[in-house]
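S.K.: Right, I'll just put the structure down here and ask away after.
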Amino acid sequence: MDGNVQQQARALGDPTRHAIFRSIAAARAPVGVADLNREFPLNHNAIRQHLAKLVAAGLVVGRTSPPPSRGRPRLEYEIHPAVGGRWGTSGPYERLGRLLVEIIRSGRAAVDVGRGAAPQFRVAEPSGDAVADLGAAMARQGFDPEVRAVRSGAEVVLHTCPFASVALADRHTVCALHLGIAEGLTEHSDVKVTGLVAYDPRKAECRIRLDLRGTEPRPRPTLELRGRVGRR
């Protein structure tokens, strides 16, 4: 058994810690210690100790969120993107499967299905920065994104493809779905998705191209598949 899996199994072997993990997995937004304290009859230090073990096992990740008003930044926790689909959580492949079924059932184009599904991928508490929120949404799907400034606006570079094995079979459908999701996530902002440049999913580094000028009308974004992809 993989060492990391063993560590995760040990971390989840404690019933209370397992319950905290499931609570974080079920939440629509990252949760803080105070949120968990309202659900579990434990003091803050005990909850922090359980969270530390979940973080060490690679089951959850913590990030600092700016406070809504004056005060200290809040430390929030969410499920590690790599854990999706394991230990009883809903994973990226399950979500992808539902969207592929919708394409077959409805007969609609993949990009249109992705655009319509965008709300379920939107961050629960938008920051007001559409580019940052798009990056956060792609991170929660496991794409390991990086926002870069370019002469034409910005790019979100996707360092990982969590759907590489499926994309090898039908790169156009999988990439068009995520182009539509990105377009839907920025629909009501000044940020315009102009295209997605897709590479070999095993190497990733695909790019979502963004126009930050807020120009109208918005032409449909393009999907550019670069390089021939064949199974090794």
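S.K.: So residue 157 clears everything in (1) crowded, with 16+ Cβ neighbours inside 10 Å; (2) part of a helix (DSSP H, G or I) except one condition, right? Which one?
M.R.: (2)
S.K.: Pull up the range 24-36, narrow it to residues that are surrounded by 15 or more Cβ atoms within 10 Å (Cβ to Cβ) and not in a loop (DSSP other than H, G, I, E, B), then point me to the one that is nearest to the chain's Cα centre (by Cα).
M.R.: 25
S.K.: Then there is this: If you go through the range 182-228 one residue at a time, how many are in a loop (DSSP other than H, G, I, E, B), in contact with a helix residue (DSSP H, G or I) (Cβ under 6 Å, 6 or more places away or on another chain) and surrounded by fewer than 19 Cβ atoms within 10 Å (Cβ to Cβ)?
M.R.: The qualifying residues number 2.
S.K.: I'd like to check something: does the range 130-142 contain any residue that is among the aliphatic types (A, V, I, L, M), over 26 Å from residue 76 (Cα atoms) and surrounded by 18 or more Cβ atoms within 10 Å (Cβ to Cβ)?
M.R.: No: the range 130-142 contains no residue that is among the aliphatic types (A, V, I, L, M), over 26 Å from residue 76 (Cα atoms) and surrounded by 18 or more Cβ atoms within 10 Å (Cβ to Cβ).
S.K.: Here's another thing I want to ask about it. Just wondering, is there one or more residues in the range 173-181 that are open to solvent by 40 Å² or more (accessible area, probe 1.4 Å) and either part of a loop (DSSP other than H, G, I, E, B) or more than 17 Å from residue 138 (Cβ to Cβ) (or both)?
M.R.: No: the range 173-181 contains no residue that is open to solvent by 40 Å² or more (accessible area, probe 1.4 Å) and either part of a loop (DSSP other than H, G, I, E, B) or more than 17 Å from residue 138 (Cβ to Cβ) (or both).
S.K.: Ok, one more. Counting only residues that are open to solvent by less than 70 Å² (accessible area, probe 1.4 Å) and more than 25 Å from residue 19 (Cα to Cα), how many does the range 79-129 have?
M.R.: Looking only at that region, the number is 18.
S.K.: Which ones in the range 151-186 are free of Cβ contacts under 8 Å to residues at least 24 places away in the same chain and aliphatic (A, V, I, L, M)?
M.R.: Correct list: 169 only.
The values are calculated or read from the model by the stated rules, or taken from the named source; none is laboratory data. From a predicted model like this one, the values you see are computed outputs, not experimental measurements. Using ideal geometry, Cβ is built from the backbone for each residue, glycine included, and neighbour counts are taken over all protein chains shown. SASA here: full protein model, heavy atoms, side chains in, ligands and nucleic acids out. Shrake-Rupley method; radii C 1.70, N 1.55, O 1.52, S 1.80 Å.
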